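First the structure, in the form of structure tokens, and then the observations on it.
The values are calculated or read from the model by the stated rules, or taken from the named source; none is laboratory data. Note that the coordinates shown come from a computational prediction; the quantities given were computed from them, not determined experimentally. Here the Cβ is made from the backbone with ideal geometry for all residues, glycine too, and neighbour counts use every protein chain on show.
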There are 2 protein chains.
Amino acid sequence: MAKGITKRSDDYSRWYLDVIAAADLAEHSAVKGCMVIKPNGYALWEQIQGQLDRMFKETGHVNAYFPLFIPQSLLQKEAEHVEGFAPETAVVTHGGGKKLEEPLVVRPTSETIIWSTYKKWIQSYRDLPILINQWANVVRWEMRTRLFLRTTEFLWQEGHTAHATAEEAQQETLQMLDVYRTFAQEYMAAPVYIGVKTEAEKFAGAVKTYCIEAMMQDKKALQGGTSHNLGQNFAKAFDVTFQDEDGKVDYVYATSWGVSTRLIGALIMMHSDDKGLVIPPRLAPLKVVIIPIWRNDEDREKLLAKINEMTKDWKGRISFKVDDRDNYRPGWKFNQWEKQGIPIRIEFGPKDLENNQVVLVRRDTSEKSAVSPDGLLERIERLLEEIQTGMFSRAKEFRDTNTFKEDDFDSFKKRIENPGGFFWVHWCGDPVCEAKFQETSKATIRLIPMDGDKEEGKCIICGKKSEQRVLVAKSY
Amino acid sequence: MAKGITKRSDDYSRWYLDVIAAADLAEHSAVKGCMVIKPNGYALWEQIQGQLDRMFKETGHVNAYFPLFIPQSLLQKEAEHVEGFAPETAVVTHGGGKKLEEPLVVRPTSETIIWSTYKKWIQSYRDLPILINQWANVVRWEMRTRLFLRTTEFLWQEGHTAHATAEEAQQETLQMLDVYRTFAQEYMAAPVYIGVKTEAEKFAGAVKTYCIEAMMQDKKALQGGTSHNLGQNFAKAFDVTFQDEDGKVDYVYATSWGVSTRLIGALIMMHSDDKGLVIPPRLAPLKVVIIPIWRNDEDREKLLAKINEMTKDWKGRISFKVDDRDNYRPGWKFNQWEKQGIPIRIEFGPKDLENNQVVLVRRDTSEKSAVSPDGLLERIERLLEEIQTGMFSRAKEFRDTNTFKEDDFDSFKKRIENPGGFFWVHWCGDPVCEAKFQETSKATIRLIPMDGDKEEGKCIICGKKSEQRVLVAKSY
């Protein structure tokens, strides 16, 4: 464990904040509930953005930008939606020194402003589909905030698509869920369960909300992304119709989907350790740091010359840094880069130079290996992939080990407190039974699997018939 | 000229809006003064962002993100700054259903929230410099708005740096001015004058404001970017001091610099024509569109097969599109892509197939050339560069032809109305004389050149001694 970082086993919440501070990712701001995302934290967001943006474009989406402000009357047009969001909005009442005729809500999400715009864009089936994504900041007034996981302002992307048929909208909803799953698993090294939210947990205004859920190291669930099939709800609220090929007029079908800076919180809580942050290589802004270890100026010159030679064709192929600062000792530097989660550290001293080797140190396992400078870049690229898959496997093993089937409610109530974990339980579908999880143990149904084994059983609460198990856990 | 686009000579303002509509770049929203940036417009912003972000990083800057909201008391800490910005702010008075204890201002610019944060980050010279940039939305309440040029909400980047010495801050200010000039000239194909703003025109809170100014096709000036040396003003307002190597304590020196979605307005007004948008190739999201011209299905198959063959190794090297839509005629397609400003159109019909040629059409000059499919990509890349430099040369020639020296105020007053243009005039430095330009002809001093020829002369207004000419023009 590192100086200044609480051990996970001592205080998980404190550990989380300590890792953020040690890796210099973010801090609270002068504005209640809002955070400052510091350069190290923002660099992670840029990596996440870069990959997701590429995946959105590969699936045919384009970016656009809609206003920050939503006239209050627009927000109120979809009944469920306003009920869900109005209580947590920030409201602009004055502009340019004057009281506004109509207050403006700072967007908590953009369905309403976007669908009031789509109304102008859509008349015919020829105008469909619309496949738009937006990278933006949104504001939801939060009482209890936690860096990255829950902040009043956060950064996110929100996709908003319009379709001619229910089938196409459903296909899009599932496609984007799959994009999120792929991103989580392949880039964040985060194994996720996918499924449908219950009526109680779905997005305000959606017909169905799909989600990805991951297990953190304290065995709680974190919802990483959601994809909503909005049906015709917003089209009806904003009177957006289109004429199909046969001249028939119908309301347009919609989806929306989003992930936010919350993913950075998930990244930290899933992979980091008592020494600080651990970043999966595919999302690491800096992948390799080289630390020459010298006793005197002569060593220094020789080591740096050899490092220059070894890395001469690395530029543009891998992001690396040579830490040749004079005013810090090697041990301090090791610790510094370890806290920041850089996947590979290369130690290189006079003995290594003599033996024609360098020492590679993995951040995730601390494993060291002495290797030849010949073919070093390829060796490093392989090692980065090993780290990536290793991180995923360990996270998956942890999750699977802590995921249980449970059929007895008393036993469930005990086990969810200790040892904790994910529980697959039978549920009859009744919201009254659903509420019992929350009441007794602050757990919730995280998802109903879409392609889970149909298994006849009895609701763990009321004993009525159930057709499949659902995932229950405490969550962030 | 194209259907639906007013001629520049008939109504320049109308033409500008028509081009935006024809190229589908943006539109007004349901929120007064705010625009919707449509996918075609946002793609231009992504190109601008991509290049600038690269240039910022190459000069050592990193990105971060600070809160959207600024407590009113923070905004008020720098006297000049609050005077300049307070009248045009949007104010949040309610959050989460309650009246806030202290109103929050939606950021019009972020100096105050950032310097209240830097106070926590800076103690020693070792903490300096801080070289941070932020991509964000900002809000300035505007009465008279115009798409891209002046909107209540706009997107921008704002750099905020902190330095140990006045010299370093000045160097940074000039470096970023140079980044903006380079970007304008090399990417936007926009020749710009650079210089210093007068006291009356400088940023509220700056010691000195530097700017780039370009001439639009109606001969008005448009300020494309500003770089401010903030001296110790904000450090003093927020009490940000540091200890230097000798233990001496001093206030920190600051700069800030920004460009916004306004650049898209400049791009349109500088290069477009009566047929629609013209995009400089280096900023074109789509560089080439290929339009096969068939009479029957057999032609269609043959042409598309040949196009596939010609473009088989283009992917990843150039962004291009084959417009093989069945339901539109070639003429309609030509017009469509012309309005959208795609730099090169390739026409390819059965005769071309027979003659083993394709026809390249330049968007900027409408010039056509029949060329061989062999080495086509290289030919296109050369042509794109020719278009880029041609656009710059024409814009520069236009500007130079319409830039004059003028020594008589009566003559100035006539000429600035007709034919209009940029006027280099002598000015004594007195704000009273400066105000005369505005009063008589709504023109302003756009800049004082930094490295202009020192030339003794007499102030065009009062006749007192002047040491150099300044640039006067009407502006956006």
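Filtering A:18, A:11 for residues that are surrounded by 20 or more Cβ atoms within 10 Å (Cβ to Cβ), more than 10 Å from chain B (Cβ to nearest Cβ) and free of Cβ contacts under 8 Å to residues at least 24 places away in the same chain leaves a single hit, A:18. Filtered by the rule that a residue be part of a loop (DSSP other than H, G, I, E, B) and surrounded by 19 or more Cβ atoms within 10 Å (Cβ to Cβ), the range A:324-361 gives A:340, A:341, A:342, A:343.
The residues of the range A:117-131 that are in a loop (DSSP other than H, G, I, E, B) and either within 8 Å of another protein chain (Cβ to nearest Cβ) or closer than 23 Å to residue A:170 by Cβ (or both), listed by number, are A:122, A:128, A:129.
A quick yes/no check of all residues on (1) under 26 Å from residue A:112 (Cβ atoms); (2) in contact with a Lys or Arg (Cβ under 9 Å, 6 or more places away or on another chain); (3) among the small types (Gly, Ala, Ser); (4) not assigned by TED's automatic domain parsing to the domain that holds residue B:340:
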residue: B:42; (1), (2), (3), (4): yes, no, no, yes
residue: B:51; (1), (2), (3), (4): no, yes, no, yes
residue: B:68; (1), (2), (3), (4): yes, yes, no, yes
residue: B:74; (1), (2), (3), (4): no, no, no, yes
residue: B:77; (1), (2), (3), (4): no, no, no, yes
residue: B:84; (1), (2), (3), (4): no, no, yes, yes
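Considering only the range B:22-41, I want to know if a residue exists there that is within 21 Å of residue B:132 (Cα to Cα) and assigned to a strand (DSSP E or B). Checked the range B:22-41: no residue is within 21 Å of residue B:132 (Cα to Cα) and assigned to a strand (DSSP E or B). When residue B:26 is tested against (1) at the interface with chain A (Cβ under 10 Å from one of its Cβ atoms); (2) in contact with a helix residue (DSSP H, G or I) (Cβ under 6 Å, 6 or more places away or on another chain); (3) surrounded by fewer than 20 Cβ atoms within 10 Å (Cβ to Cβ), just one condition goes unmet, and that condition is (3).
The set of residues in the range B:85-113 that are more than 9 Å from every other protein chain (Cβ to nearest Cβ) and touching a Phe, Trp or Tyr at 6+ places or on another chain (Cβ under 6 Å) comprises B:108, B:110, B:111. Among the residues of the range B:190-197, none qualifies, meaning not one is farther than 30 Å from residue B:273 by Cβ, among the aliphatic types (A, V, I, L, M) and within 14 Å of another protein chain (Cβ to nearest Cβ).
Note on the range A:245-279: among residues that are of a type in the set (D, E, K, R) and in a strand (DSSP E or B), the one that is nearest to residue A:59 (Cα to Cα) is A:250.
Would you check if residue B:4 is within 24 Å of residue B:176 (Cα to Cα) and assigned to a loop (DSSP other than H, G, I, E, B)? Before the answer, list the steps.
On the way: within 24 Å of residue B:176 (Cα to Cα): no; assigned to a loop (DSSP other than H, G, I, E, B): yes.
Considered against the rule, which asks whether it is within 24 Å of residue B:176 (Cα to Cα) and assigned to a loop (DSSP other than H, G, I, E, B), residue B:4 comes out as no.
Looking only at residues in the range A:374-392 that are in contact with a Pro (Cβ under 6 Å, 6 or more places away or on another chain) and within 25 Å of residue A:307 (Cα to Cα), which one is surrounded by the most Cβ atoms within 10 Å (Cβ to Cβ)? The selected residue is A:387. Here residue B:225 fulfils each of the conditions (1) touching a residue at least 60 places away in the same chain (Cβ under 8 Å); (2) outside any helix (DSSP H, G or I); (3) buried (at least 22 other Cβ atoms within 10 Å of the Cβ); (4) in contact with a strand residue (DSSP E or B) (Cβ under 6 Å, 6 or more places away or on another chain) apart from (1).
Given the residues B:212, B:264, B:268, B:291, which is the only one that is under 30 Å from residue B:373 (Cα atoms) and β-branched (Val, Ile, Thr)? It would help to see each step written out before you state the result.
On the way: B:212 fails: under 30 Å from residue B:373 (Cα atoms); B:264 fails: under 30 Å from residue B:373 (Cα atoms); B:268 fails: under 30 Å from residue B:373 (Cα atoms).
Testing whether each residue is under 30 Å from residue B:373 (Cα atoms) and β-branched (Val, Ile, Thr) leaves just B:291.
For the residues A:398, A:412, the requirement of being assigned to a helix (DSSP H, G or I) and within 21 Å of the chain's Cα centre (by Cα) singles out A:398. Enumerate the pairs (first residue in the range A:72-84 and more than 13 Å from chain B (Cβ to nearest Cβ); second residue anywhere and hydroxyl-bearing (Ser, Thr, Tyr)) with beta-carbon separation below 8 Å, excluding pairs fewer than 6 apart on the same chain, so at least 6 apart or on different chains. Short answer, once both residue conditions are applied: A:78/A:112; A:81/A:112. All of B:318, B:291, B:387, B:342 fail the test of being at negative phi and either of a type in the set (Asp, Glu) or in contact with a Phe, Trp or Tyr (Cβ under 9 Å, 6 or more places away or on another chain) (or both), apart from B:291.
Condition check ((1) more than 13 Å from residue A:45 (Cα to Cα); (2) in the same structural domain as residue A:134 (by TED's automatic domain parsing); (3) β-branched (Val, Ile, Thr); (4) touching a residue at least 60 places away in the same chain (Cβ under 8 Å)) across all residues:
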position: A:263; (1), (2), (3), (4): no, yes, no, yes
position: A:279; (1), (2), (3), (4): no, no, yes, yes
position: A:293; (1), (2), (3), (4): yes, no, yes, no
position: A:300; (1), (2), (3), (4): yes, no, no, no
position: A:304; (1), (2), (3), (4): yes, no, no, no
position: A:312; (1), (2), (3), (4): yes, no, no, no
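For residue B:415, the conditions (1) surrounded by fewer than 16 Cβ atoms within 10 Å (Cβ to Cβ); (2) without any contact (Cβ under 8 Å) to a residue 12 or more places away in the chain; (3) more than 30 Å from residue B:342 (Cα to Cα) all hold with the exception of (1). Within the range B:311-323, if we keep just the residues that are within 28 Å of the chain's Cα centre (by Cα) and assigned to a strand (DSSP E or B), the residue that is farthest from residue B:293 (Cα to Cα) turns out to be B:320.
For the range B:132-154, the candidate set comprises residues that are of a type in the set (A, V, I, L, M), at the interface with another protein chain (Cβ under 9 Å from one of its Cβ atoms) and not in a loop (DSSP other than H, G, I, E, B); within that set, the residue that is farthest from residue A:107 (Cα to Cα) is B:132. When restricted to residues that are at pLDDT 95 or above and over 16 Å from the mean Cα position of the chain (by Cα), the range A:27-53 contains 9.
Step by step: first the residues of the range B:290-310, then only those that are under 20 Å from residue B:343 (Cα atoms) and touching a Leu at 6+ places or on another chain (Cβ under 8 Å), then the one that is surrounded by the fewest Cβ atoms within 10 Å (Cβ to Cβ). Which residue is that?
Filtering the range B:290-310 for residues under 20 Å from residue B:343 (Cα atoms) gives B:290-293, B:307, B:310.
From what's left, touching a Leu at 6+ places or on another chain (Cβ under 8 Å): B:292-293, B:310.
Values: B:292: 23, B:293: 19, B:310: 17.
Restricting to residues being under 20 Å from residue B:343 (Cα atoms) and touching a Leu at 6+ places or on another chain (Cβ under 8 Å), the top hit is B:310.
With respect to the stated conditions, residue B:61 fails to be more than 23 Å from the chain's Cα centre (by Cα) and of a type outside the set (A, V, I, L, M).
Being small (Gly, Ala, Ser) and more than 7 Å from chain B (Cβ to nearest Cβ) is the filter; apply it to the range A:44-71 and report the residue that is surrounded by the fewest Cβ atoms within 10 Å (Cβ to Cβ). Don't jump to the end; show me each part of the working.
The first filter runs over the range A:44-71 and keeps only residues small (Gly, Ala, Ser), leaving A:50, A:60, A:64.
Filter once more, so that each one left must be more than 7 Å from chain B (Cβ to nearest Cβ): A:50, A:60.
Values: A:50: 13, A:60: 11.
Within the range A:44-71, the match that is surrounded by the fewest Cβ atoms within 10 Å (Cβ to Cβ) is A:60.
Do we have residue B:6 as over 19 Å from the mean Cα position of the chain (by Cα) and closer than 18 Å to residue B:254 by Cβ here? Please lay out each step first, then the result.
On the way: over 19 Å from the mean Cα position of the chain (by Cα): yes; closer than 18 Å to residue B:254 by Cβ: no.
Judged against the criteria, residue B:6 is not a match.
How many of the residues making up the range A:115-127 are touching a residue at least 60 places away in the same chain (Cβ under 8 Å) and surrounded by 20 or more Cβ atoms within 10 Å (Cβ to Cβ)? Number satisfying all stated conditions: 4.
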